[in-house]
């Protein structure tokens, strides 16, 4: 069965007396799996659904956690259990030619359970009875797999303002602009050659129907002393609003005498063949975006082809003739996570071209202002500051209702006895368009001021009780709205100011090390292991052991780890109590008996 083929759909037609053959049953399977994959592709796109986190275990190995992805053909890629892999054993490693590489996961099949054919008409004595859907990992040089997620639409009008052998400049604006919205104008500089030359440019766009933030019908663009690599781009965005007496159709042009471009040895002082059309409409921004996305055809969505690979990590290597080590590692930013409908990401991107014009004015007036307190006097003497941080999780009961107060367990902050300032903030993951990836967010104080669809809840009250004589604290949370969450996740920060700090030299602190004698240990479910610690450039002292994620087993105060019943790779944070900035990590690889690799 061709697992890359989705269209056209063809299903069995049954009738009395029909002789069913193996081909008929294969058609039945192909139809049902193809329909499911078709929906996966249209509704979710391709990327990581959950899990598949990748960790740098040591200089030669990585840990890949269990998880699920969907490829460009809508096929589900499932990694049932976490695995430890040496880079040199992964497919494609021996063909790498650069130091910047990418790790992919791919759908794979394996025929299993051979059966003997007593009357084999094909001449084969054995056939496989089942097909196991599995996955495999592949290493490729960075850039070897091109993205096929760029849909061909008519949402944005784009025109070239300038081009030579080294650089090009394009300006773009949506083809339709709501009359009551602000609109984004993009200016993109792109390098076209390998020549080591720079670019500087200044020009003014004339906006007959649009006003800049100073309420003028022009937009001054300035790019100073930029030197890009071949195919690298630099994008600058500007906001404008529709004028009160704007015509329905308008064309943006350039003031010929405002041009001053220096690209390598090229010098340009005038441009008169540039025009960029747009239309002022009475529709809302949401109407324009949804109409444009709905027009995208199947061919433009890439349903009939594309990569079978899903990117899950980026690695930088140091390679010699006989050795390689992992020098840098990137997990979260390298992968694309699937959150809802596949069109949501495109919808948010397109809606990013518009903004409420009143909010735009407010943003321009408040730019540069900040309400952050000035800590400069407090930390003028860096030797007087000690700081720790961690994750706090508070489970919720199904019976909890608005107004209920939930308390955390008592937590040792690691700064010892004495007066310590502790604060907590809600910790959550959300998509950040500025870095084109999902990122961690922490909100301290009134969460309702940062209300957004990604927030797990928007109305909550928190408090912290510090116990100076015990070197610990407790957190309290009051729910002010209904929630179906089963766990509240917070990040806590503790700061202590003291003039009696035992470390007078920060260089001495930087040389201190603690390390687990066995940083990675493989054990069975419910088995135990003691993570003993070695000290380097410091005297032996007390340490604390913390599991960095929930349901990852148990660890005692003296470092005895007990594995959970679920297979996986679990992380243990080991921190020096007396010097909280000195810490290390250990990893427990948990496997069921008989499944060890």
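The values are calculated or read from the model by the stated rules, or taken from the named source; none is laboratory data. A quick note: this is a predicted structure, and the numbers were derived from the prediction, not measured. Every residue, glycine among them, receives a Cβ derived from its backbone with ideal geometry; neighbour counts consider all protein chains shown.
Of note:
- Index of the failed condition, residue 329 passing every other in (1) modelled with pLDDT of 70 or more; (2) not in a strand (DSSP E or B): (2)
- Any chance residue 92 is in the same structural domain as residue 38 (by TED's automatic domain parsing) and in contact with a helix residue (DSSP H, G or I) (Cβ under 8 Å, 6 or more places away or on another chain): no
- Of residues in region 432-447 being modelled with pLDDT under 75 and surrounded by fewer than 17 Cβ atoms within 10 Å (Cβ to Cβ), the one nearest to residue 338 (Cα to Cα): 437
- Checked against (1) assigned to a strand (DSSP E or B); (2) in contact (Cβ under 8 Å) with a residue 60 or more places away in the chain; (3) closer than 18 Å to residue 392 by Cα, residue 589 passes all but a single condition, namely (3).
- Region 514-544, residues that are under 29 Å from the mean Cα position of the chain (by Cα) and farther than 13 Å from residue 588 by Cα: none
- Taking region 211-222 as the range and being surrounded by 11 or more Cβ atoms within 10 Å (Cβ to Cβ) and part of a loop (DSSP other than H, G, I, E, B) as the test, the residues that pass are 212, 213, 216, 217.
- Test: residue in region 443-456 that is in the same structural domain as residue 427 (by TED's automatic domain parsing), free of Cβ contacts under 8 Å to residues at least 24 places away in the same chain and closer than 22 Å to residue 551 by Cβ: no
- Test: residue in region 153-160 that is in contact with a helix residue (DSSP H, G or I) (Cβ under 6 Å, 6 or more places away or on another chain) and either at pLDDT below 90 or in the same structural domain as residue 52 (by TED's automatic domain parsing) (or both): yes
- In the set 51, 17, 47, only one residue is on the phi > 0 side of the Ramachandran plot and surrounded by fewer than 16 Cβ atoms within 10 Å (Cβ to Cβ); that residue is 17.
- Members of region 17-61 found to be modelled with pLDDT of 85 or more, part of a loop (DSSP other than H, G, I, E, B) and closer than 17 Å to residue 133 by Cβ, listed by number: 52
- Per the conditions (1) more than 21 Å from the chain's Cα centre (by Cα); (2) assigned by TED's automatic domain parsing to the domain that holds residue 316; (3) not in a helix (DSSP H, G or I), the sole criterion not satisfied by residue 14 is (2).
- Residue 427 meets the conditions (1) at pLDDT 70 or above; (2) surrounded by fewer than 13 Cβ atoms within 10 Å (Cβ to Cβ) in every case but one. The failed one is (2).
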